[in-house]
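The values are calculated or read from the model by the stated rules, or taken from the named source; none is laboratory data. This one's a predicted model, so the numbers in the text were calculated from it and none came from an experiment. Neighbour counts are summed over all protein chains in view; Cβ atoms, including those assigned to glycine, are modelled from backbone coordinates with ideal geometry.
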Amino acid sequence: MRGYAIVVAALCCLGAVCPGQTDSLNILWNRNADPDVFRYLLQRSVNSTANFENFLLLTHPDTHAVDYTPQPGNLYAYRVAAIDSAGNISPFSPPVAVGIPQIQWPISTLPSTRDTTVALASFLYDPDHAWNELQISVSQENHIVVVVEGDSLRLLPSPINYIGPASFVLRAEDPRGFYDRQTINVSFQNPGPATALNGDNATPPATFYLGQNYPNPFNPVTNVEFGLPNAEWVTLKIYDLLGREVKTLVNEHLAAGMHTVQWDGTDNAGRPVAGGVYVYRLTVREPGVGKRLNFWQVRRMVLVR
């Protein structure tokens, strides 16, 4: 090799890495044409694109390596350099990175007497994609019905009021074909007696819950029930179909348990609003500074005048 004049082609787009293989990654790069090339040094960085370590040393003309150690939830970056027979090393290629999606299922018990809604944002993670870029699929449902509804999963016991273990297979795939696939095991349990209006259940629900308002359609008053597995900062607001805030029903720290609030069809100034379709949104954040978002869900209601 003539000094450091060698040019190493960048790692090929990791679309050439075997798509969907979360347990192995194929790394390919263009062969260097310099006649003095003897080896290639492949370096890897985990959850960074800066802190590289030597990963593999391959003899020219081999331009293919396999990483058998990737795990869901991690970002892997690779770069390559050429080495000549005298030991001179070229500059490294620009790094190419790929992230593996991860499913972090949050709950193990579900109520047997009603459906449960779980926000996708509460259990999906991908180092290089937003959670809402992931494609979700469900299969092999056993004693459970799982429905993907917009930004949430809705889970129902099968048959209705079934009590006992249940399972399903959940797959999350990113736009480049990488995925995480897990068997989810849950247990349906009797949640006990229903909560009283505006009261707290002594036994908190297993997961966040936002129920359909009742009655619906309504005039003049409707009830909205929601559940908290832990003490949280809660906001519950009503919006019109243009996204304008109509009424804030809750904006405070609440204890774990089931809660029910009423809306009387008035806005924040106490004025009656027109009949029509309205949206109510529950947002749950951790208490304290920063208030990390833990859950949110939206439902619709109809006010009849």
Got a sec? Which of PHE188, PHE123, PHE178 is touching a Gly at 6+ places or on another chain (Cβ under 9 Å), hydrophobic (A, V, I, L, M, F, W, C) and either modelled with pLDDT of 90 or more or within 24 Å of ASN74 (Cα to Cα) (or both)? PHE178
Got at least one residue in the stretch 143-150 being surrounded by 15 or more Cβ atoms within 10 Å (Cβ to Cβ) and within 28 Å of ARG285 (Cβ to Cβ)? yes
The lone condition SER137 fails out of (1) over 25 Å from TRP296 (Cα atoms); (2) surrounded by 12 or more Cβ atoms within 10 Å (Cβ to Cβ) is (1)
Select the strands (runs of 3 or more DSSP E) contained entirely in the stretch 68-168, then report the ones holding at least 1 residues which are free of Cβ contacts under 8 Å to residues at least 12 places away in the same chain and under 22 Å from the mean Cα position of the chain (by Cα). 144-149
Looking only at the stretch 261-294, count every residue that is assigned to a strand (DSSP E or B) and either outside the structural domain of PRO220 (by TED's automatic domain parsing) or modelled with pLDDT of 85 or more (or both) and tell me the total. 14
Taking the stretch 216-234 as the region of interest, how many residues are farther than 13 Å from GLY265 by Cα and surrounded by fewer than 16 Cβ atoms within 10 Å (Cβ to Cβ)? 2
Tally up the residues in the stretch 35-55 that are assigned to a strand (DSSP E or B), under 19 Å from ASN88 (Cβ atoms) and not polar (S, T, N, Q), please. 6
Could you please give the count of residues in the stretch 235-255 that are aliphatic (A, V, I, L, M), over 24 Å from SER122 (Cα atoms) and surrounded by fewer than 16 Cβ atoms within 10 Å (Cβ to Cβ)? 2
